[in-house]
1. Determine which single condition Lys88 fails, assuming it passes every other condition in (1) open to solvent by 60 Å² or more (accessible area, probe 1.4 Å); (2) touching a residue at least 60 places away in the same chain (Cβ under 8 Å); (3) assigned to a strand (DSSP E or B); (4) not β-branched (Val, Ile, Thr).
2. With (1) part of a strand (DSSP E or B); (2) in contact (Cβ under 8 Å) with a residue 24 or more places away in the chain as the list, and Ser460 as the residue in question, which single condition is left unmet?
3. Given the options Glu171, Glu141, name the one that is within 30 Å of Glu77 (Cβ to Cβ), open to solvent by 50 Å² or more (accessible area, probe 1.4 Å) and either modelled with pLDDT of 95 or more or part of a loop (DSSP other than H, G, I, E, B) (or both).
4. Given (1) closer than 24 Å to Gln139 by Cα; (2) in contact (Cβ under 8 Å) with a residue 40 or more places away in the chain, identify the lone condition not met by Glu113.
5. Kindly evaluate Val76 against the criterion of being under 30 Å from Glu61 (Cβ atoms), without any contact (Cβ under 8 Å) to a residue 40 or more places away in the chain and open to solvent by less than 50 Å² (accessible area, probe 1.4 Å).
6. How many residues are in a loop (DSSP other than H, G, I, E, B) and open to solvent by 60 Å² or more (accessible area, probe 1.4 Å) if we restrict to segment 114-138?
7. How about segment 538-559: which of its residues are touching a His at 6+ places or on another chain (Cβ under 9 Å) and either surrounded by fewer than 17 Cβ atoms within 10 Å (Cβ to Cβ) or in a loop (DSSP other than H, G, I, E, B) (or both)?
Amino acid sequence: MNIFKLVFLLLIIFFHATVMAKIKFDINGVDSAANANVSVFLAGLNEPRDAQSDSYLTQVEDSTREALTALGYYQVEIKLAVSGEIGKQTVILTITPGVQTRITELSIKLTGEGSKDPEFKKLLDKFPLQLNDVLNHAQYETAKSSLKSLARKRGYFDAKYEKSLVEVTSENSNAVVYLWFNSGVRYQFGELIFDTDIPAEKFVRSLQNFTAGDPFSTLILSKFNADINETGYFKSITLLPAVKEKQGLKIPLHVVATMRPEDSFSVGLGFSTDQGVRGKFRWMRPWVNDYGHAIEGNLIASVPKQEVALTYKIPLEDALYDYLSIQTGYKRVDQNDTNTQQYLVSVNRHWRLSNTWLRTVFLKYDLESGRQGQEDFSTQLIIPGISFSHTRNRGGINAYWGDKQLISLEAANQIWFASDDLVKVYGQSKFLRSYNRHQFIVSAELGAIYTGSIDNVPSSMRFFTGGDQSVRGYDYESIAPNDDQGYLVGGLYLAVASLEYRFPVSENWRVAVFADAGTATDDFSEDISIGSGIGAVWSSPVGPIRIYLAKPFVNATNSIALHFMIGPEL
């Protein structure tokens, strides 16, 4: 008997749901923006069985007025009609919106210490509300919250509105807006308070980019937090301003941190047309001892290249920008006309300069042998050198703005027991800029090697170009001087330039057009290799995925080349 009751109940529910079909709306007399806003408000109403219900139609009219008032329409006339049978009904709204209300008087007053803060001046210079604007309540709320948001970011924790009001005279379609904002005093950074004992406390303090008494700023605090995370010591770390524990104007900062496990491992898989499928294994021990030493091992393997490296890091003044590293590794390459083995040991000293550039001074021992083209070679070099690098990025893994620069100088000489004499200079620059979601990417590479003969230079230090990251349309590192039999030898000089433009076609997709030009040469007697084409770029959850079709125009071995890349732009 209970089963029959259950079936009967389900039939009633099914019949009721069928009858309660969704009521449609036909909105007339307003522009697309107003139509969309009315539709959003009406979608939130509970639907009755019959749209002819007086109470329901009253709700429809009230919601419509509310939606239009938000856009500045205060003289709205609405006529409602219902067509169709129950279950297939349409509510027809015929709207006469009247004249939109405009802001005829705008009173903005800023008092307190914020009145002298240049960041508030910048905000007010580009304030979302202006005289004679249409009164849009969403824009009003945005403008109102922008002052409070900036106050919180700049440490004005007592900020408040002394008057925030909109007065509307609907007969004249006029509005007076009052925003009187008192920022109060600006608070300061206080001392760091560690809620638990952590062995890396002194390294956290070494990265501190403010002192107690400095004006509070969430931008400075965010940079400090990002630097701490970058050390790799912590599984999680949070900096919490304790406003309720303020001491005068100073706000203490509680540090809540959890150290990483002793060992961590990661595995990755990637693909590019230059190297095919590539796998990566990483092992890291971020905290070896109480001195903050760290050790890391990397194994990277593809069909043409295999590489293993071990790095030991010793922090000095701070763990992120002032440290010593010792690295050893092995690399094997069998690609194009290159078949080599390389053993490397280096000692590197890293600093961050006052202009935020990173400087690295290094001394490396490079033992390399193998065959390049038709020639066997073997080199043993002790190479001191220096490099300067600088990277900026906005937008995370899918950057919309950024640039990177790299300059390096390295030398080997028989005076310090190298097998040959040589000097190598190299420079790289890349810029990414976005304007209204249109992106422009410009890059260039220049390099030169000074030596008696190219045979004195190990294959890994010679210049080759072509491929995904340089001159598209050509195979990977296929542009370089050849010997008499057409085998690649490598060049003493490098010059590459690239220009790419991307225009948006949807939220996460862009279509690209590009042109690349470059050469690796001994004397610039060869023609410059040029490639251009089209592509597509997807801003995926794992970073940009790029695919290009490129046509080479000079010294072409391909009619069309396909290039596919996954990974960051900078």
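The values are calculated or read from the model by the stated rules, or taken from the named source; none is laboratory data. Worth saying up front: this structure is predicted, and the values here are computed from it rather than measured. Neighbour counts run over all protein chains shown; Cβ positions are idealised from the backbone, glycine included. Only protein heavy atoms, including side chains, enter the accessible area calculation; ligands, DNA and RNA are left aside. Shrake-Rupley method; radii C 1.70, N 1.55, O 1.52, S 1.80 Å.
1. Against the list (1) open to solvent by 60 Å² or more (accessible area, probe 1.4 Å); (2) touching a residue at least 60 places away in the same chain (Cβ under 8 Å); (3) assigned to a strand (DSSP E or B); (4) not β-branched (Val, Ile, Thr), Lys88 comes up short only on (3).
2. (1)
3. Glu171 is the lone residue from the list that is within 30 Å of Glu77 (Cβ to Cβ), open to solvent by 50 Å² or more (accessible area, probe 1.4 Å) and either modelled with pLDDT of 95 or more or part of a loop (DSSP other than H, G, I, E, B) (or both).
4. Condition not satisfied by Glu113: (1).
5. Against the criterion (under 30 Å from Glu61 (Cβ atoms), without any contact (Cβ under 8 Å) to a residue 40 or more places away in the chain and open to solvent by less than 50 Å² (accessible area, probe 1.4 Å)), Val76 qualifies.
6. Total meeting the criteria: 4.
7. Ile547, Leu549
Conditions (1) under 25 Å from Ala561 (Cβ atoms); (2) within 36 Å of the chain's Cα centre (by Cα); (3) in contact (Cβ under 8 Å) with a residue 40 or more places away in the chain; (4) not in a loop (DSSP other than H, G, I, E, B), marked per residue:
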{"position": "Gln428", "(1), (2), (3), (4)": "yes, yes, no, yes"}
{"position": "Phe431", "(1), (2), (3), (4)": "yes, yes, no, yes"}
{"position": "Ala448", "(1), (2), (3), (4)": "no, yes, yes, yes"}
{"position": "Asp455", "(1), (2), (3), (4)": "no, no, yes, yes"}
